[in-house]
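Shown next, in structure tokens, is the structure this report addresses.
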Amino acid sequence: MTFENVHNGTNCHCIEDAQSDNSSEFGIKTNKKILREVDFKSKWEKAPDIELSNCEEICSKKGLSLSILAPETFDRVKEIYKQLFPISPTYKPFLCVIKFGNDTGLLKSTPTPSNPFHFDFYKCDTFVHTQVELIKTISLSEDV
Amino acid sequence: MIRDFHKIVSNLYVLFNDGDNDVLYSGTNEYGNRILGAIVGEDDDNNSLRYIHFMVSDEQYFGFINRKISLRAILDKNESVFIVDKTHSGREISANLMPTEEIPS
């Protein structure tokens, strides 16, 4: 896998310590019940004029924000998302449970105080979203 | 409408970020009022984010932070809110005033 797109415009070593993981399940926030190409656009791709000051910020925006899911932590992760989004009226995103196919990219654990299960996903140059398996979709606006 | 009343010019503090977008934040406008901003939508087609901005009193703000008052309850005390569209880099695209009663529950 090559990562020229990830390193385009920066000298930061964003994929250092990142690894392939084609067996774990991850949660990604989406605006629709299905996976679309736009769901895998990084902040950097959506906001080419964004001003960032250091490699931690740059690599965070070069990657996609995900959460690793395991049977014993699934409910906890779901609550993290559910607590976050229903704060705002009308904003009803979804949590898609996904699994990455072979040669799609690399993942790096990037826990935050509010989400200890947070990961960044770095797409390889040949990534296409159809290589990602959608396991199930959870509405973040139900049962709250 | 007072010019740039909705615009946060200082004391920006992000209360929640989902890893990509600021979900909830506060700050002060140029007239010294505390403004709360909350995401209400993401337009994938136009690559933009939509927020509401509205003024909050210190009592409302700290009541909300301490989970004693809901965002909706604060909203309902305002006759109108600003709908602010932004790019993903945070640049404002447009801002318009809207009656609070038109915001869906």
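What follows is calculated from the coordinates using simple rules that are stated; it is not laboratory data. What you see is a predicted model; the values in this text were computed from it and never measured. Cβ sites come from the backbone with ideal geometry, for glycine too, and all protein chains shown count toward neighbours.
Under 26 Å of direct C-alpha separation, and excluding same-chain neighbours fewer than eight residues apart, B:LYS68 reaches these lysines: A:LYS78, A:LYS82, A:LYS92, B:LYS77. Seen from a random direction on average, the alpha-carbon convex hull of chain A projects onto 8.9 square nanometres. The alpha carbon convex hull volume per residue for the protein assembly as shown rounds to 134 Å³. Name the residue, out of A:THR73, A:THR110, A:THR30, whose mean-square fluctuation peaks in a Gaussian network model built on chain A with Cα pairs under 10 Å. Maximum among the listed residues: A:THR73. Are any of the pairs A:LYS41/B:LYS86; A:LYS61/A:LYS136; A:LYS41/A:LYS108 more than 22 Å apart by Cα-Cα distance, and if so, which? Violating the 22 Å Cα-Cα cut-off are A:LYS61/A:LYS136.
For every helix of n ≥ 4 consecutive DSSP H residues, a contribution of -39,500 (n - 2.57) applies; sum these over chain A, divide by its total residues, and give [θ] at 222 nm rounded to the nearest 500 deg cm²/dmol.
Details: 4 runs with 27 residues, N = 144.
About -4500 deg cm²/dmol.
Calculated [222 nm] ellipticity per residue, helices only, for chain B: -3500 deg cm²/dmol; basis is -39500 (n - 2.57) per DSSP H run with n ≥ 4, divided by all residues, nearest 500.
Overall, the anisotropy analysis places chain B in the rounded class: the square-rooted eigenvalues a ≥ b ≥ c of its C-alpha gyration tensor yield a/c less than 1.5. Specify the residue with the greatest mean-square fluctuation among A:PHE121, A:PHE94, A:PHE74, computed from a Gaussian network of chain A linking alpha-carbon atoms under 10 Å apart. Greatest mean-square fluctuation among the candidates belongs to A:PHE74. Among the cysteines of chain A, those whose beta-carbon sits 4.7 Å or more from every other cysteine beta-carbon are A:CYS96, A:CYS124.
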